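Chemist: One structure is given below, represented as C-alpha cells, and several questions about it will come after.
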Amino acid sequence: MDFLERCFKLKENNTNVRTEVFAGLTTFMAMAYILAVNPNILSSTGMNRDAVLLATSIASFIGCMAMALLANYPFALAPGMGLAGTVCANMGYSWKVALLAVFAEGLVFIVLSLTNVREAIFNAIPSGLKKGVSAGIGLFIAFIGLQGAKIVVADSSTLLTY
C-alpha cells in the first residue's frame with residue numbers, strides 16, 4: 001500500500017485504494033462496449049475482426065497505463081474508429097486509407113494539444129453544450145445497442161417501434 005500511496009499520492013488526492021479500484025471497474029464497465037463495437041464496425045470494412053479486437057485491447061491498455069503511470073490522471077483512453085467506418089461505408093475508401101486519415105487526425109490533435117490550441121477551443125465551448133453533447137453521445141450509444149438487440153426496429157409510419 002505504501003508503494004501505491006507514493007506512486008499515486010492517494011492521500012494528497014483525497015482518495016484510497018478501494019475507491020480507485022471501484023472507480024476503475026466502473027469506468028471499464030462503461031467503456032467495455034468499445035471492445036465489441038470497434039471489431040464490429042471495422043470488420044465490415046474488410047479488416048480482420050480478431051486483429052481489430054486485439055489492437056483495440058492493446059491500445060486501450062497502453063493508453064490507460066500511460067495516463068496512470070506517466071500523467072497520474074484517472075482517465076481511461078480507448079481508440080474510437082467511427083471515422084474509419086464512416087469513411088469506408090459512406091465514402092467508399094479502403095480501410096487502409098481510412099486508418100491513414102485517423103493517423104493524420106491523431107497527429108493534428110497532438111499538435112493542437114502541444115500548442116494549447118486544443119485547450120482554448122475546449123474553453124470556448126459553453127458548459128451547457130458540453131453536457132448536451134455528452135448526453136447525446138450516451139443516447140446514441142444506447143440507441144445503437146437497442147437496435148443491435150432488436151428491441152428498437154424500423155417502422156414505416158413512426159420511423160421506430162419496439
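Chemist: Identify the residue in region 52-102 that is small (Gly, Ala, Ser) and in contact with a Ser or Thr (Cβ under 9 Å, 6 or more places away or on another chain) and, among all such residues, is farthest from Ile41 (Cα to Cα).
Modeler: Ala76
Chemist: Would you confirm whether or not region 103-124 contains a residue that is of a type in the set (Asp, Glu) and touching a Leu at 6+ places or on another chain (Cβ under 8 Å)?
Modeler: Taking every residue of region 103-124 in turn, at least one turns out to be of a type in the set (Asp, Glu) and touching a Leu at 6+ places or on another chain (Cβ under 8 Å).
Chemist: Is there a residue in region 20-28 that is open to solvent by less than 100 Å² (accessible area, probe 1.4 Å) and farther than 24 Å from Gly145 by Cβ?
Modeler: Among the residues of region 20-28, at least one is open to solvent by less than 100 Å² (accessible area, probe 1.4 Å) and farther than 24 Å from Gly145 by Cβ, which makes the answer yes.
Chemist: I would also like to ask the following. If you go through region 145-159, how many residues are open to solvent by less than 80 Å² (accessible area, probe 1.4 Å) and farther than 22 Å from Asn40 by Cα?
Modeler: Result for region 145-159: 1.
Chemist: Which count do you get for residues in region 1-40 that are farther than 18 Å from Met67 by Cα, in a helix (DSSP H, G or I) and not hydrophobic (A, V, I, L, M, F, W, C)?
Modeler: 5
The values are calculated or read from the model by the stated rules, or taken from the named source; none is laboratory data. Source: prediction; values computed, not measured. Glycine also receives a Cβ, built like all others from the backbone with ideal geometry; neighbour counts cover every protein chain displayed. Just the protein is used for accessible areas: all its heavy atoms, side chains included, with ligands, DNA and RNA removed. Shrake-Rupley method; radii C 1.70, N 1.55, O 1.52, S 1.80 Å.
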